[in-house]
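Chemist: Sharing a structure, written as structure tokens. Questions coming.
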Amino acid sequence: QKEVEQDPGPLSVPEGAIVSLNCTYSNSAFQYFMWYRQYSRKGPELLMYTYSSGNKEDGRFTAQVDKSSKYISLFIRDSQPSDSATYLCAMEGSARQLTFGSGTQLTVLP
Amino acid sequence: GAGVSQSPRYKVAKRGQDVALRCDPISGHVSLFWYQQALGQGPEFLTYFQNEAQLDKSGLPSDRFFAERPEGSVSTLKIQRTQQEDSAVYLCASSLRGFADTQYFGPGTRLTVL
């Protein structure tokens, strides 16, 4: 079993929809939780960075962490075609390395 | 300012050849990371440097993989006697400090071993 599980999709939604992306994890040592966006043939770029359980909002993006359930989510409101990409959850524990999910491929249809 | 750069962007190697992949981190960033991303998968950690010291190489898949950062800036990932299973995108990331600090990724080097 992988330490971080993420539904690979693909996920296809109409423009303007609310998108929900999720990851579960098994390692209780993970303390920091991130969402990266990766466009085709590009490196991952950081979208959201959270530490504590609860919600963090940044524009159209909301990251949610539930440490008791070992579950994190990313919500995208008013989705746009430019949001079409692969979304990767990532986690960091006592080691400096990031542990990534497998990524969810999202397509927002105009 | 300039981000993380990697070269070459694409590399094709015949099985058994040695390859060297270069990473130029963001200027002043202390920490540097290498990740391997297979097709359709998330990046997987290979190794980590703090300045010139390689503090963690637990993710290197075999002794054919070697990384260095001799002056604490540019880093090179070397793969000896490449195998088909080495085909992947190799990503480099840097961060200002280290623990719990944002990692900024380069565009990656896509390695194809024939």
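Chemist: Using Stokes-Einstein with the Kirkwood hydrodynamic radius over Cα pairs, what translational diffusion coefficient do you get for segment A:1-59 at 10 °C and a viscosity of 1.306 mPa s, in µm²/s rounded to a whole number? Each step should come with its number before you reach the end.
Modeler: Numbers: Rh = 13.9 Å.
The diffusion coefficient I find is 114 µm²/s.
Chemist: What percentages, rounded to whole numbers, describe P(r) for the protein assembly as shown computed over all alpha carbon pairs with 5 Å bin width beginning at zero?
Modeler: 1, 7, 15, 18, 18, 17, 12, 7, 3, 1, 0
Chemist: Moving on. Taking the Cα centre of chain A as origin, sum charge times position over the Cβ atoms of Lys and Arg (+1) and Asp and Glu (-1), and report the length of that vector in debye to the nearest 20. Show your work: numbers first, answer last.
Modeler: Details: 10 positive and 11 negative charges, 46 e Å.
Dipole about the Cα centre, nearest 20: 220 debye.
Chemist: A further question follows. Would segment A:27-70 count as rounded, prolate or oblate if I go by the C-alpha gyration tensor, calling it rounded below 1.5 in a/c and otherwise prolate when a/b exceeds b/c, oblate otherwise?
Modeler: On the way: a/c = 3.02, a/b = 1.54, b/c = 1.96.
The shape class here is oblate.
Chemist: Just want to confirm a number: the relative contact order over chain A, from Cα pairs under 8 angstrom separated by 6+ residues, in percent.
Modeler: On the way: 266 pairs, mean separation 41.5, N = 110.
Relative contact order comes out at 38 percent.
Chemist: Could you tell me the distance between the Cα centroids of segment B:54-111 and segment B:18-52, to the nearest Å?
Modeler: 3 Å
Chemist: How many times 2.2 N^0.38 Å is the alpha carbon radius of gyration of segment B:7-85? Display every interim value, and only then the final one.
Modeler: Working: Rg = 12.7 Å, N = 79, 2.2 N^0.38 = 11.6 Å.
Rounded to two decimals, the normalised Rg is 1.10.
Chemist: Using just the Cα positions, wrap segment B:1-42 in a convex hull and report its mean projected area in square nanometres, one decimal place. All intermediate terms of the calculation are to be shown ahead of the outcome.
Modeler: On the way: hull surface 17.5 nm².
Mean orientational projected area (segment B:1-42, Cα hull): 4.4 nm².
Chemist: Per residue of B:101-114, how many C-beta atoms from partner chains lie within 10 Å of its own C-beta, taken as a mean? Walk me through the intermediate numbers first.
Modeler: Working: counts 4, 4, 9, 4, 8, 3, 3, 5, 0, 1, 0, 0, 0, 0.
For peptide B:101-114, the averaged partner shielding equals 3.
Chemist: So for chain A, what percent of the C-alpha to C-alpha distances run longer than 17 Å? Please list the in-between numbers first.
Modeler: Working: 2985 of 5995 pairs.
The share of Cα pairs beyond 17 Å in chain A comes to 50 percent.
Chemist: Okay, moving on. Please tell me which of these pairs span more than 26 angstrom C-alpha to C-alpha: A:Lys70/B:Lys78; A:Lys42/B:Lys11; A:Lys42/B:Lys57; A:Lys2/B:Lys57? List each step's numbers first, then the result.
Modeler: Details: A:Lys70/B:Lys78 37 Å; A:Lys42/B:Lys11 16 Å; A:Lys42/B:Lys57 24 Å; A:Lys2/B:Lys57 20 Å.
From A:Lys70/B:Lys78; A:Lys42/B:Lys11; A:Lys42/B:Lys57; A:Lys2/B:Lys57, over 26 Å: A:Lys70/B:Lys78.
Chemist: Semi-axes of the equivalent ellipsoid for segment B:45-114, please: Cα gyration tensor eigenvalues, times 5, square-rooted, ordered largest first, whole Å.
Modeler: Details: eigenvalues 99, 38, 23 Å².
Whole-Å semi-axes of the equivalent ellipsoid: 22, 14, 11.
All of the numbers you see were taken from the coordinates with simple rules; none came from a lab. Just so you know, these numbers come straight off a predicted model, no measurement behind them. Neighbour counts run over all protein chains shown; Cβ positions are idealised from the backbone, glycine included.
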